[in-house]
Amino acid sequence: MAVDATSNVSTTTSTGSTSSAQKKATLNYDNFLQLLIAQMKNQDPTDPMDASEQMSQLASFSQVEQTIQTNSKLDTLLASSSLTQASSYVGKYMESADGTVKGVIDSVKVYSDGIIATTTDGGKILVQAGITIADEAPSSSS
């Protein structure tokens, strides 16, 4: 059975806060360079600034900027992985970790902090450790 992931899976991610953090880091990086230039223009000629300290500060700001960019790419990768994982649940039988909700999965919603699967009869299951997933509902052996 082929599963159309786009019709049954939706996503909500936290990329807004990441791009906001990127803008703040870039702004701070630009501000640092402007401050450095102003400091160099207005320094006392008899007591010049220590160049090694300036380079150290510049390297630190550069590292922070690179870390933010890496985190942004990692968030994108994790969201993509969650979507792939979520689409594989559609059409499968799932039972919640505590056994209270069970059924065939009709749709899946991906949030930034987890996945919620909705059964065909409207039950909601948090995808977490302890859930049971099968291709079909178990047959009654009574």
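Just so it is clear, none of the values below were taken in a lab; they were calculated from the coordinates. What you see is a predicted model, and the numbers here were worked out from it, not measured in a lab. Virtual Cβ from ideal backbone geometry, glycine too; neighbours counted across all protein chains shown.
Let's test the formula: R0 of 25 Å, r as the Cβ-Cβ distance of residue 100 and residue 133. What FRET efficiency results, to the nearest 0.05?
The value I calculate is 0.95.
Using the Karplus equation 6.51 cos²θ - 1.76 cosθ + 1.60 (θ = phi - 60°), what ³J(HN,Hα) coupling, rounded to whole Hz, does each residue of segment 74-83 give in order, writing x for Gly and Pro?
Result, rounded to whole Hz: 5, 4, 5, 4, 5, 5, 5, 5, 5, 5.
Ranked by Cβ crowding within 10 angstrom, fewest neighbours first, how are 96, 72, 60 ordered? Spell out each step's value before the answer.
Working: 96 20, 72 15, 60 11.
Ranked by crowding around the Cβ, least crowded first: 60, 72, 96.
With a sphere of radius 11 Å drawn around the Cβ of residue 102, what net charge do the other residues whose Cβ falls strictly inside it have (Lys, Arg +1; Asp, Glu -1)? Provide the component values of the computation, followed by the final result.
Details: positive: none; negative: 95, 98, 121.
Taking every other residue near residue 102 into account, the sum is -3.
Once you have the Cα-Cα distance between residue 53 and residue 80, take 0.36 nm times their residue separation minus that, and quote the gain in nm to one decimal.
Details: separation 27, 0.36 × 27 = 9.72 nm, distance 4.11 nm.
Taking residue 53 through residue 80 to full extension adds about 5.6 nm, to one decimal.
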